[in-house]
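The values are calculated or read from the model by the stated rules, or taken from the named source; none is laboratory data. In this text, all values refer to a predicted model and were calculated from it rather than measured experimentally. Virtual Cβ from ideal backbone geometry, glycine too; neighbours counted across all protein chains shown.
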Ligand SMILES: *Cc1c(COP(=O)(O)O)cnc(C)c1O
């Protein structure tokens, strides 16, 4: 068959270990998955109530226009409904944007390291990938981005806060970058972890979508809203950008139950705020733990930390697994010597630190 040649060099997404598998392999009763940045507090209790009320009527296709969630999001963010696009997780938004803009002869600019789906999709579309090494601080090297971007650059990916470092770029830095980035390139601000940011320097980039007609902001219900299983993301950009992307999107890309669950979750901002507050408290414990034990840690504004381990990252992950903790090895993320840990509940983190103590003692 005539597969795209690039596929022979690619691998499917490698998921972390599952809780069931780790229980079996290590003979454990309790296993905590702190590997995929899911919300350890679950989702708004209103979501479960909503789902119980929807026990039938599954034969109809979802609303193509996604009116309910679209209206609520437009009110929540103060943007026009036509300035929104809803996708099957922000993973699918990356695919939609890449399909619409990338092809052989174009290039796309991103950090190294960052969210791997940008490069993954660019390969499939045959675009050239221009990766710019991150600064020692873990920040995107935006000056470097400007140096490598040219008139053939179709998409610039700014992951803010960045996965897997957790680093956050203040609002004025983003604005300055938008002033200087080529107007012919779509600048995608992937704000999957936006809700977790507690820095006073956080701004609202959505206010700039009319000022910069090459700006798109991507958000998701998977992380702070705790709805990863439903697969719902959305983009905010000016109407012209949304109209083009809408041609590429599959008509029924988000399902009825997911759309309803997201509406309910969006309405419960109190739950969201409680999660953000608890996450910040727990995040500070990781910072303190790293300091006490003289381990490097990137300055996270998210619900995960990228922290140094005093041995090979895969070996450290093995020790965590034996203690019932699934975390992500930096060897897979392009950050050897580090592990990425999703910040759990107070109890989960206390248990994780015990496992970490063993790693430090036995290094
Ligand atoms: C988790 C994550 C996403 C994907 O989120 P989904 O909406 O679940 O597809 C997108 N971008 C970044 C940076 C992420 O970490």
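Brief remarks on what is shown
- Of all the residues in the stretch 286-304, those that are closer than 18 Å to residue 358 by Cβ and outside any loop (DSSP other than H, G, I, E, B) number 4.
- Hey, residue 105 in a loop (DSSP other than H, G, I, E, B) and either more than 16 Å from the ligand (Cβ to nearest atom) or in contact with a strand residue (DSSP E or B) (Cβ under 8 Å, 6 or more places away or on another chain) (or both) or not: yes
- Of residues in the stretch 112-127 being in contact with a strand residue (DSSP E or B) (Cβ under 6 Å, 6 or more places away or on another chain) and closer than 19 Å to residue 214 by Cβ, the one surrounded by the most Cβ atoms within 10 Å (Cβ to Cβ): 122
- Flag if residue 246 is more than 25 Å from residue 146 (Cβ to Cβ) and either within 15 Å of the ligand (Cβ to nearest atom) or in the same structural domain as residue 86 (by TED's automatic domain parsing) (or both): yes
- Considered as a group, the residues in the stretch 70-92 that are assigned to a strand (DSSP E or B) and more than 13 Å from residue 262 (Cα to Cα) include one that is nearest to the ligand (Cβ to nearest atom), and that residue is 85.
- Residue check, residue 61 without any contact (Cβ under 8 Å) to a residue 12 or more places away in the chain and either within 24 Å of residue 213 (Cα to Cα) or assigned to a loop (DSSP other than H, G, I, E, B) (or both): no
- Those residues of the stretch 20-58 which are within 30 Å of residue 313 (Cβ to Cβ), under 26 Å from the mean Cα position of the chain (by Cα), touching a residue at least 12 places away in the same chain (Cβ under 8 Å) and more than 16 Å from the ligand (Cβ to nearest atom), in sequence order: 22, 31, 32, 41
- Residue 85 vs. criteria within 24 Å of residue 205 (Cα to Cα), in contact (Cβ under 8 Å) with a residue 12 or more places away in the chain, in contact with a strand residue (DSSP E or B) (Cβ under 9 Å, 6 or more places away or on another chain) and surrounded by 13 or more Cβ atoms within 10 Å (Cβ to Cβ): yes
- Any hit, the stretch 171-186, residues being in contact (Cβ under 8 Å) with a residue 12 or more places away in the chain, under 30 Å from residue 45 (Cβ atoms) and surrounded by 17 or more Cβ atoms within 10 Å (Cβ to Cβ): no
- Scope the stretch 255-277; condition under 25 Å from residue 205 (Cα atoms) and either more than 16 Å from the ligand (Cβ to nearest atom) or outside any helix (DSSP H, G or I) (or both); matching residues: 263, 264, 267, 268, 269, 270, 271, 273, 274, 276, 277
- Residue 100 part of a helix (DSSP H, G or I) and either crowded, with 18+ Cβ neighbours inside 10 Å or more than 20 Å from the chain's Cα centre (by Cα) (or both): yes
This table checks each residue for (1) crowded, with 16+ Cβ neighbours inside 10 Å; (2) farther than 21 Å from residue 276 by Cβ; (3) away from the ligand (no atom under 16 Å from the Cβ).
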residue: 205; (1), (2), (3): yes, no, no
residue: 213; (1), (2), (3): no, yes, yes
residue: 219; (1), (2), (3): yes, no, no
residue: 222; (1), (2), (3): yes, no, no
residue: 228; (1), (2), (3): yes, no, no
residue: 238; (1), (2), (3): yes, yes, yes
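- Here residue 63 meets each of (1) at pLDDT below 95; (2) more than 30 Å from residue 264 (Cβ to Cβ) with one exception, condition (2).
- Where residue 168 falls short, out of the listed (1) under 22 Å from residue 220 (Cβ atoms); (2) within 16 Å of the ligand (Cβ to nearest atom); (3) touching a helix residue (DSSP H, G or I) at 6+ places or on another chain (Cβ under 9 Å): (3)
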